[in-house]
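The structure under discussion appears below in the form of structure tokens.
The values are calculated or read from the model by the stated rules, or taken from the named source; none is laboratory data. If you're wondering where the values come from, they're calculated on a predicted model, not measured in any experiment. Cβ atoms come from the backbone with ideal geometry, glycine included; neighbour counts cover every protein chain shown. Note: areas computed on protein heavy atoms with side chains; ligands, DNA, RNA excluded. Shrake-Rupley method; radii C 1.70, N 1.55, O 1.52, S 1.80 Å.
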Amino acid sequence: MKVLVATEKPFAKVAVDGIREVVEKNGYELALLEKYTDVNDLYKAVADADALIVRSDKVTKEVIDHAKNLKIVVRAGAGFDNLDLEACTAKGIVAMNTPGQNSNAVAELVMGMLVYAVRNFYNGTSGTELKGKKLGIHAFGNVGRNVARIAKGFGMECYAYDAYCPDEVMLKDDVKPVHSAVELYKTCDVVSLHIPATPETKNSINHDLVNLMPKGGLLVNTARKEVINEEELIVLMQERPDLKYVTDIMPVADAKFKTLFEGRYFATPKKMGAQTAEANINAGIAAANQIVDFFVNGNTRFQVNK
Ligand code: 3PG
């Protein structure tokens, strides 16, 4: 049985060692394809793999078509918009994610990006503090919850909107539930995005929504670039010189944002929310364990293409 780890953006070595241990302890073989730049290398590597572990790597219908033995693909992470679920289902391949495993890492980055933004990107001028500011958490999943936990330590007042999360869950975390995105953006000085990229959410963070934010509003995106309506955000930021946008997912229009909004915009060069040794270990080893548990016990608890 062959388990392929295919990561264009590799895990930390310590995480790969941990994955190898799980895989080999169970008598399977580990194959590694890291930092590949040519999709043909992935097609070749996946040809005889029984299981596949990826990160944001695109598992398209073409990849699936090349994977003659594949029974399971695990996205070591939360968002599975990179997996062609239909293609997996059509071939009877189980697709999973590893929810929660990298969420603290992303939440810590959110806070780092917020401090960076409110201190004017460390340019030496006088900034503002996060204490006492209203933080809007747009979607209260694993990352959102961790953001709330840390933000409260900063003295921020936390609000959340999540159509799929009951109020009680937020209230238990001392987070104020609001019942629409409109209410969240109207209320909060800072909004942190934690929605997945789906047909419903794509382009949903648009001019009219962000324009509801109070003066000096700050939007932080560690979710997906697709949820932002980039052209409309550009128009809005031109209309409203008080707004700032910081993102861990470089927009398609990065050059335009950079030129137009110097001092109000920042994008990490490569998505790094989950780029910590701890998150790599948690998500990578969880993926390996889920594969073993699937082969040995038929466990499909984290299947996303049911
Ligand atoms: C996720 O969905 O888990 C995060 O966006 C992390 O993605 P990455 O594995 O590509 O860093």
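Here are a few things to note about the model shown:
- Electrostatic dipole magnitude of segment 110-216 [Cβ: Lys, Arg +1; Asp, Glu -1; Cα centre; debye, to 20]: 360 debye
- Against the criterion of solvent-accessible heavy-atom surface with a 1.4 angstrom probe, Lys258, Lys225, Lys68 sort, most first, into Lys68, Lys258, Lys225.
- By a 1.4 Å probe calculation restricted to protein chains, Glu34 has an accessible surface near 70 Å², given to the nearest 10.
- Distance in nm between pseudo-label sites at Lys172 and Asp208 (7 Å out along the Cβ direction from Cα): 3.6 nm
- Over segment 86-193, accessible surface divided per residue gives 46 Å², non-protein components excluded, 1.4 Å probe.
- A straight line joining the Cα centroids of segment 10-49 and segment 256-306 runs 16 Å.
- Whole-angstrom gap from segment 132-196 to segment 66-116, using each part's C-alpha centre: 23 Å
- Distance between modelled label sites at Thr89 and Glu239, nm, 7 Å Cα→Cβ extension: 3.9 nm
- Linear extension gain, Lys9 paired with Leu32, 0.36 nm per residue minus alpha-carbon span: 7.1 nm
- Protection-proxy order for peptides 19-27, 132-140, 1-9, each taking the mean of Cβ atoms within 10 Å per residue, highest first: 132-140, 1-9, 19-27
- Extension gain from Glu21 to Asp293, taking 0.36 nm per residue of separation minus the Cα-Cα distance: 96.4 nm
- For segment 174-228, with all protein chains in place and a probe radius of 1.4 Å, 51% of the accessible heavy-atom surface sits on carbon or sulfur.
- Zone residues, segment 218-239, relative to Glu129, backbone N less than 19 Å from point 7 Å out along Cα-to-Cβ: 218
- With every protein chain in place and a 1.4 angstrom probe, the accessible-area ranking of Leu193, Leu171, largest first, reads Leu171, Leu193.
- To the nearest ten degrees, helix 142-153 and the longest principal axis of the Cα atoms of the chain are 40 degrees apart.
- Cβ-Cβ FRET estimate between Ala277 and Ser180, R0 fixed at 35 Å, reported to 0.05: 0.35
- Report summary: the helix-based calculation at 222 nm, which adds -39500 (n - 2.57) for every DSSP H run with n ≥ 4 and divides by the residues of the chain, gives -11000 deg cm²/dmol.
- Here the chain is treated with +1 on each Lys and Arg Cβ and -1 on each Asp and Glu Cβ, and its dipole about the Cα centre works out to around 400 debye.
- Carbon plus sulfur fraction of accessible area for segment 101-168, probe 1.4 Å, in percent: 48 percent
- For segment 15-100, the carbon plus sulfur part of the accessible surface works out to 50%, probe radius 1.4 Å.
- Segment 1-76: C-alpha gyration tensor shape, a/c 1.5 cut-off, then a/b vs b/c: oblate
- Accessible surface ranking for Arg145, Arg264, Arg301, 1.4 angstrom probe, highest first: Arg301, Arg145, Arg264.
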